[in-house]
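What follows is a single structure, written as structure tokens, with notes after it.
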Amino acid sequence: MKKKILCILLLIFAVKAGASTGRSIYNFDFDWLFSRYGLQADGTRLEEPVAAESILFDDRNWKQLDLPYDWAIEGPFRPDLEGFTGKLPWRGIGWYRKHFKVEKKDEGKRLYLDFDGAMAHAEVWLNGKKVGGHPYGYTSFRVDLTPAVVYGGENVVAVRLNTEDMGSRWYPGAGIYRHVRLVKTSQVHVDHWGVFVTTPQISDKEAKAVISVKLRNHLPDPVKGHYAVSVYELDAEDGVGAEVAKCKSLSLNLPADGTLEDSVTVTVSEPRRWSLEQTNRYLARVVVFDGKKQVDTYEVPFGFRTIRFTHDNGFLLNGKRVQIQGTCNHHDLGALGTAVNKVALERQLKILKSFGCNALRTSHNIPAPELLDLADKMGFLVMDEAFDCWKKGKQPGDYGSLFEEWHVKDLEALVCRDRNHPSVILWSTGNEVPEQYTPELGIARYLTDVVHRFDKTRPVTFGASYPSKSAMNGTELQVDVHGMNYAAGVYGGPHFYGEFLNKEGHEHLSGFSSESSSTMSSRGEYFPRKFHVSSYDLNEPGWGGLPDQEFAALDRYPAICGEFVWTGFDYLGEPTPFNSDKTVLLNHAAALSKEELKKQEEELKKIEENRPTSRSSYFGIVDLAGFPKDRYYLYQSRWMPDYPMVHILPHWNFENKKGENIPVFVYSSGDEVELFLNGKSLGKKQKQAFEYRFRWNEVPYEPGELKAVAYKDGKVWAEASVKTTGAPVKLKLTPDKKILKSDGEDLIFVRVSVLDADGNEVPTAEPLIKATLDGPGKIVATDNGDPTCLIPFPETTRPAFNGLYLAIVKANRGANAYSGGYPFSISGDIRSVPS
């Protein structure tokens, strides 16, 4: 049978670029040429051409594309590839080229290319001359084009990336997967990331802002310059408001071909503090003069707020205790891969905020700058993390091979780029590093000191595995705040916790759960099929735990600052427990005995014999497509106690289980719940101390309606029900918004649900669905949240997974030049409904 439904009308319009800030900054994302060499998507090889960096190289047959671009996300998924990196063909050599003109009038200026990230081992040429690069794919970096620029003519920039011998424990993506900008300045200007605003004194009456400036002079002679600083209010859309502070021009003598650093303190009256609820921000503007000539304007947003990690009262924001309710997240955007998209990032953060998440850990690498911008505006705390390993790598070709030469440069780039963001409260130098078990090496202390070279206003931490072995060995004293991974059973034990609090040197040490839970589930699976995990939220790996265990430990020990759950979203790669690689062993081997190692290797061998098809994780509170799992509501009930909510699991479509006992769980922010089956009460249950779910473990199944009524303080708080549905016969398409910009980046996410004749969502339906688009745009990806589905993301035909399907739509860039909008529609077509 076939059914088609037309989605709500969507509008598309063009947008204009923002105003100049005094230096010229150009979007350099569009109109690149690309070709892939080395390992190909199908496993064959294609040898690199000679001199692909040359200005004379013939690139007319290369693929035309816009950045950001992840060359591997289109697949195909290959069952022979490793599950831990998502079964996607990300290994290869990619060449990018872009032709552009530089006007003759720009002669005498400095020209830079700013890369937010390129995966990996980037080498950059301009007109055949090498001008720079960076090996670590997560680091933002700049190259100076000036020595090789042709003024008044055509220029060709070429970028080579190589992931063939790179090591990763998750899907890293490949290519120039973040934004690129062309920056033009005078020879005298503010240096890269050259303004740092600190706020050492804040009261209701006034606040001091110390604005440090690093100026660069590229001229062969000294320059007598000066600079002026102003501070303005900044609104949520980055609109500059009233001026609130300024200083007189300060004279400087810049050395020939060198840099000079200076600072000035300004006072802002009645400052509006940045908080999770009121994300007030300001803008510092630095104007630079060479003599009397204005040569540069540099602007940076910042916020007034205080942070403090305490030994006995958790984390304080602006002097008030705030429980960290955080999630860890890898950097991929599901079906879009690692190609950064601010709209997709904002969607993820809105979903996280909707169940009470207030903090992010950038696991385990330097994030895209857009994530920090959004965190500032939306009200998130951020643990900004640099590396997954130090000297001792976890896989051949991972960061361990770069550490010696690059760790200082990468930490400097991370901290100097992100240190003005009020959302950033912690710098993290690593994750579960083997060196934590040998504190005498002092690497943790050394890296803490490196970070403090560039920012002394925030504490430094790292995520320590096996806290029972590492939290008392001295490593914890080499950081400012101690991050403990999977520590509920440790600080949840009075013997350890008492020792930890009272140990000499710990008098001021604060701790938090830097990684918690790792509960696994597949959305909508309760009696799971092969390579799926039950959504009753009762499955955890050997190193992990259940959410309830972490909740209880935090309730018993409120001095702990909170948690970062592994993970907010499912992500590509690491499909534990169906993971036949050794990523887990590599993470924890240093703390395991020979017997434990042998046992785990034997278990992995058994998994490998079945060769699972899984390509993404099961850890997420939300699945890869952005659809909430049941665990979403468990965290919502915990993290949003004042929000009336109640959620029932499982669904009530169990055709083959009539008369059998079905466990029924209810998640609610209420303190009491009554459960009804077809109008008959199954009794009330009260939430007991250190209990976080309401359970009816044996409910005889009969079709109909299961209803839960939650109470708080004796009054009805919330109600919810699940019903046995009819057969799937139609689709409902729900876009997340109605207007789509034609700026080359905006997206609309369309939720497609399968309905019965009465309009009820059918939670078990898995018909084959084909999405089509009518209008000037494209369905760029689809997904269904199934971690075992190996249909490439660009395919528009795929089955629903437990009743849901996702289509992601992008407008053609510049598709419409008039403001009235251009309508288009998206349709969903049920191709078949399994009996």
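The values are calculated or read from the model by the stated rules, or taken from the named source; none is laboratory data. Just so we're clear, the structure is a prediction, and the values are computed from it rather than from any experiment. Cβ sites come from the backbone with ideal geometry, for glycine too, and all protein chains shown count toward neighbours.
Please work out which residue is surrounded by the fewest Cβ atoms within 10 Å (Cβ to Cβ), limiting yourself to the stretch 141-176 and to residues that are touching a His at 6+ places or on another chain (Cβ under 7 Å) and in a strand (DSSP E or B).
The qualifying residue surrounded by the fewest Cβ atoms within 10 Å (Cβ to Cβ) is E154.
Taking only the stretch 186-202 into account, find how many residues are closer than 30 Å to P222 by Cβ, surrounded by fewer than 24 Cβ atoms within 10 Å (Cβ to Cβ) and of a type outside the set (A, V, I, L, M).
The number of residues fulfilling the criteria is 8.
For residues in the stretch 43-73 being within 26 Å of P794 (Cβ to Cβ) and among the hydrophobic types (A, V, I, L, M, F, W, C), which is nearest to the chain's Cα centre (by Cα)?
I73
Mind listing whichever residues of the stretch 690-740 are basic (K, R) and surrounded by fewer than 19 Cβ atoms within 10 Å (Cβ to Cβ)?
Once the filter is applied, which keeps residues that are basic (K, R) and surrounded by fewer than 19 Cβ atoms within 10 Å (Cβ to Cβ), the stretch 690-740 yields R695, K712, K715, K723, K730, K732, K737, K738.
Which numbered condition trips up R361, out of (1) part of a loop (DSSP other than H, G, I, E, B); (2) out of contact with any helix residue (DSSP H, G or I) (no Cβ under 9 Å at 6 or more places or on another chain); (3) within 19 Å of S518 (Cβ to Cβ)?
(1)
Take the residues in the stretch 177-192 that are of a type in the set (S, T, Y) and assigned to a loop (DSSP other than H, G, I, E, B), then tell me which one is farthest from T259 (Cα to Cα).
Y177
Only one of V102, V50 is crowded, with 16+ Cβ neighbours inside 10 Å and either assigned by TED's automatic domain parsing to the domain that holds R417 or modelled with pLDDT of 95 or more (or both). Can you tell me which?
V102
Could you list all residues from the stretch 214-245 that are closer than 14 Å to V197 by Cβ and of a type in the set (K, R)?
Listed by number, the list holds a single entry, K214.
Given the conditions (1) farther than 29 Å from R281 by Cα; (2) not in a loop (DSSP other than H, G, I, E, B), which single one is not true for K391?
Condition not satisfied by K391: (2).
Taking the stretch 546-558 as the search range and keeping residues that are in a loop (DSSP other than H, G, I, E, B) and surrounded by 17 or more Cβ atoms within 10 Å (Cβ to Cβ), which one is farthest from the chain's Cα centre (by Cα)?
Filtering first and then ranking leaves Y557.
Rundown of residues vs (1) more than 30 Å from T306 (Cβ to Cβ); (2) in contact (Cβ under 8 Å) with a residue 12 or more places away in the chain; (3) of a type in the set (D, E, K, R), yes/no style:
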{"site": "K205", "(1), (2), (3)": "no, yes, yes"}
{"site": "S212", "(1), (2), (3)": "no, yes, no"}
{"site": "P222", "(1), (2), (3)": "yes, yes, no"}
{"site": "A228", "(1), (2), (3)": "no, yes, no"}
{"site": "C247", "(1), (2), (3)": "no, yes, no"}
{"site": "S251", "(1), (2), (3)": "yes, yes, no"}
{"site": "D262", "(1), (2), (3)": "no, yes, yes"}
{"site": "T267", "(1), (2), (3)": "no, yes, no"}
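Only one residue in F304, F309 is under 25 Å from the mean Cα position of the chain (by Cα), closer than 23 Å to L349 by Cβ and of a type outside the set (A, V, I, L, M). Which one?
F304
Kindly indicate whether A344 is part of a helix (DSSP H, G or I) and touching a helix residue (DSSP H, G or I) at 6+ places or on another chain (Cβ under 8 Å).
Criteria met by A344.
Are any of the residues in the stretch 421-437 more than 26 Å from G133 (Cα to Cα), of a type in the set (G, A, S) and at pLDDT 95 or above?
Yes, some residue in the stretch 421-437 is more than 26 Å from G133 (Cα to Cα), of a type in the set (G, A, S) and at pLDDT 95 or above.
Could you please find all residues in the stretch 271-326 being of a type in the set (K, R), part of a strand (DSSP E or B) and crowded, with 16+ Cβ neighbours inside 10 Å?
If the condition is that a residue be of a type in the set (K, R), part of a strand (DSSP E or B) and crowded, with 16+ Cβ neighbours inside 10 Å, then R273, R281, R285 are the ones that fit.
Mind checking which residues of the stretch 517-570 are modelled with pLDDT of 95 or more, farther than 24 Å from K350 by Cα and of a type in the set (S, T, Y)?
Y526, S534, Y536
Sort through G505, G483, G524, G511 and tell me the only one that's of a type in the set (G, A, S), in a loop (DSSP other than H, G, I, E, B), assigned by TED's automatic domain parsing to the domain that holds S363 and surrounded by 23 or more Cβ atoms within 10 Å (Cβ to Cβ).
On inspection, the qualifying residue turns out to be G524.
Output yes when any residue across the stretch 428-450 is part of a loop (DSSP other than H, G, I, E, B) and surrounded by fewer than 19 Cβ atoms within 10 Å (Cβ to Cβ), and no when none is.
Yes, because at least one residue in the stretch 428-450 is part of a loop (DSSP other than H, G, I, E, B) and surrounded by fewer than 19 Cβ atoms within 10 Å (Cβ to Cβ).
Any residue at all in the stretch 643-665 that's of a type in the set (D, E) and over 26 Å from A765 (Cα atoms)?
no
Tell me which residues, restricted to the stretch 269-323, are of a type in the set (A, V, I, L, M, F, W, C) and closer than 26 Å to V229 by Cα.
W274, L283, A284, V286, V287, V288, F289, V295, V300, F302, F304, I307
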